[in-house]
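This report refers to the structure that appears directly beneath it.
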Amino acid sequence: RRWRRESLKLSGARANPLASLLGAHATATELATMMTFAAALVAAAAVAAAAARAQQTFTGNVDTDFPESNAAVVRVPDVGFEDVGTPTTITETSGYDIDYVAFMFDSTGDALHFGIRCYAVCGDADGDGDPSGTSAALVMLGGTDNANFEESESFLLALDFGGTAGTNAPDGVMDFIIGYPAGAAGGSQPFPCEAAGVTTFDVRCFGVYRYGSPRTADAPFAFMYPHVPGATSPHPATDHNPTPDAVRPDIEWSIDNLNTLLQQLGLPQLDPTGNVPFQFNVYAFAGSFDDDGIGEDNLPGGPESMLMFECLVYDCCDVCEGDGSTCLDCANVAFGTSVYDRCNVCDGDGTSCLDCEGVANGSAEYDACDVCEGDSSTCLDCASVPNGAAVYDVC
């Protein structure tokens, strides 16, 4: 893979906005981890070769579908590792605990793909392997492991593409959000998943929404419909694995027609060739408020962490925006081993330009008598004809 060190803009000293949301769920370790997550973004910018932008497949396994060997994939880890707290009676790792989030921009297909890899089955609050049921231990605590990301159980990614004047850089205000909402932002119109005037928040409400709050701490309840004022239908997005299980444990989403979305929001569009660098802020949340003491995962710790893609098109020589010529050997094979010999012949043996003394491109020649550097006298017959037949007679 090709990695680039990325600029990281961190806000100055200020209160952590997550603390007010998490309340008793947040331990000091969790809050510290959220704040330190941004450091992981410094080394998290992978760049994509054109050949790597083939049709993406989705199996519900982010390790498989967003492999580190794919140059188009950016993996952003949760540097806190398994950091979601659980009550002492819950002994398994929670399915709210994010291992890493993967990103891939397909400039050819104009799609932004996401993968959320959890330490357990994503959405399985109590980690018992059944994301659609509540374990006895959690029942005893009065908690609920909601099925199908219902009610307050939410997984989401909020994105800030910004549009700061003159830079097209993120501006610190989240623009849109994708995932499973726990609630609607103030001023939102009824969600498309509403039925008979009632909205049941679950996987049916999955989609792309406008971000309806100035704070990332409000993210689970910041989903605003429609995604742009006046829109009459949701923006196209795909939930590739709405019911994670032990075989397909991870979350995978796609935003289709990304540039259309950016245009509708009045944001800078991305170059369809992948040649122009771009950047965005990202915020992820996983958790619920019905699980009685099981923590939530938040990464990074605030909206100022910036993920940058310096280049999405590498030529066969691994040169950004190159013409594929800088690594060709003399046989026009990228990173090949063929070289010109001393006679300037590709893959030659160095003999085609030797003179008769074995000097490359030398001036020594054979004379008429086939003697190197001779005077052509050693083979003359009596008529002075080289290698002639004339001989002296007996007289």
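The values are calculated or read from the model by the stated rules, or taken from the named source; none is laboratory data. Predicted model, so just to flag it, every value in this text is computed and none were measured. Cβ atoms come from the backbone with ideal geometry, glycine included; neighbour counts cover every protein chain shown. Only protein heavy atoms, including side chains, enter the accessible area calculation; ligands, DNA and RNA are left aside. Shrake-Rupley method; radii C 1.70, N 1.55, O 1.52, S 1.80 Å.
Structure data summary
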| quantity | calculated |
| --- | --- |
| Amide H contacts of Asn241 (H built 1.01 Å from N, under 5 Å, at least 5 apart or other chain) | Glu252 |
| Placed amide H near His227: partners under 5 Å, 5+ positions off or other chain | Arg210, His235 |
| Tensor-based shape of the range 265-387 (alpha-carbon gyration tensor, a/c under 1.5 rounded, otherwise prolate or oblate) | prolate |
| Rounded percent of accessible protein surface that carbon and sulfur make up, the range 90-208, 1.4 Å probe | 49 percent |
| Amide H contacts of Leu328 (H built 1.01 Å from N, under 5 Å, at least 5 apart or other chain) | Phe335 |
| Gain in span if fully extended, Asp323 to Val371, counting 0.36 nm per residue against the direct Cα distance | 12.2 nm |
| Ranked by how many other beta carbons lie within 10 Å on average, peptides 128-136, 290-298 from highest | 290-298, 128-136 |
| Sparse-neighbour loop sites [chymotrypsin sites (Phe, Trp or Tyr not before Pro); the range 77-172; at most 15 other C-beta within 10 Å; DSSP] | Phe81 |
| Calculated SAXS-style log₁₀ I(q)/I(0) at q = 0.19, 0.22, 0.24 Å⁻¹ - the range 212-306, Debye, Cα scatterers | -1.33, -1.47, -1.46 |
| Heavy-atom accessible area per residue - the range 211-366, 1.4 Å, Å² | 44 Å² |
| The range 124-181 versus the range 204-281: alpha-carbon centroid distance in Å | 13 Å |
| Length gained when the stretch Thr57-Thr378 is fully extended (0.36 nm per residue, less Cα-Cα span) | 107.6 nm |
